[in-house]
Amino acid sequence: MRNKNINLYGASGHAKVVIDSIMSSDDFYIGKIYDDNRHIDKLSGFSVRHSSEIDDKSDFIISIGNNQTRKKIVNQYDFTFTEAIVHFKAIVSPFAILGNGSVVMPLAVINAASKIGEHVIINTGSIIEHDCVLQDFCHISPNATLAGGVIIGEETHIGTGAIVLPGLRIGKNCTIGAGAVVTKNIPDNCTAVGIPAKPIKFG
């Protein structure tokens with residue numbers, strides 16, 4: 001039985017897969033969808049309203065892929081946020097902790113004793129091994145793998161297919177390029193690419 005109305009802020013591509021994840025659950029259904037763009041009026045068959053029309057600030061998901069934009073919206077509005085949305089084809093250990101406003105996409109795996117912060121995206125087919133810690137507003141892209149005990153700082157984006165070796169720490173506001181293999185700790189505000197991953201930009 002679906003028993004909770006989930007409202008979405010954001011009506012672009014990422015929102016489409018958030019809608020899929022919500023609809024896959026027996027516990028939730030789609031409430032209202034809002035966006036800043038007045039030219040968007042439909043998404044996946046649902047009506048989209050302008051953000052100026054928000055009248056109920058409860059049970060929101062910020063359905064925007066960009067980490068910094070998600071954080072900006074969270075700080076801008078006094079929303080309350082739903083518990084994490086988990087697609088029914090994801091595998092999440094009962095010993096993992098998921099923060100409010102986070103979304104776990106199909107075929108993702110989150111293993112035991114991992115802690116996922118708030119407003120985190122665990123995208124399709126990504127693997128979060130045991131004892132990982134992901135701070136708020138991270139995005140783990142499709143098919144990326146975090147080996148055991150990895151720590152990911154706030155607002156960091158791990159690119160598609162990237163691999164982070166066990167026990168490493170990636171700082172805040174970092175970008176790890178698609179297909180990179182991280183073999184050493186990465187400092188804050190760093191973009192790193194390649195095999196092995198090497199910093200190419202700071203700040």
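Derivation of every value follows stated rules applied to the coordinates shown; laboratory data play no part. As the structure is a prediction and not an experimental result, all values here were calculated from the model. All Cβ positions, even for glycine, are placed from backbone atoms using ideal geometry, and neighbour counts span all protein chains on display.
Annotations
- For the chain, the antiparallel share of DSSP beta bridges with both residues in that region comes to about 10%.
- Protection-proxy order for peptides 142-151, 191-200, 34-43, each taking the mean of Cβ atoms within 10 Å per residue, highest first: 142-151, 191-200, 34-43
- When the chain is treated as a Gaussian network with alpha carbon springs shorter than 10 Å, the biggest mean-square fluctuation among G167, G153, G117 belongs to G167.
- Set K115/K172; K57/K201; K16/K198; K4/K172; K89/K198; K32/K71 screened for pairs whose C-alpha atoms are more than 28 Å apart: K57/K201; K16/K198; K4/K172; K89/K198
- Put simply, the C-alpha atoms of the chain give a gyration tensor, and the ellipsoid matching it has half-axes of 29, 19, 14 Å, longest first.
- Principal-axis analysis of the Cα atoms of the chain puts helix 67-76 at an angle of about 50° to the longest axis.
- All other residues whose Cβ lies under 14 angstrom from that of A108 are scored, Lys and Arg at +1 and Asp and Glu at -1, for a net of -1.
- Range of Cα positions in segment 4-76 per principal axis (Å), largest first: 30, 24, 23
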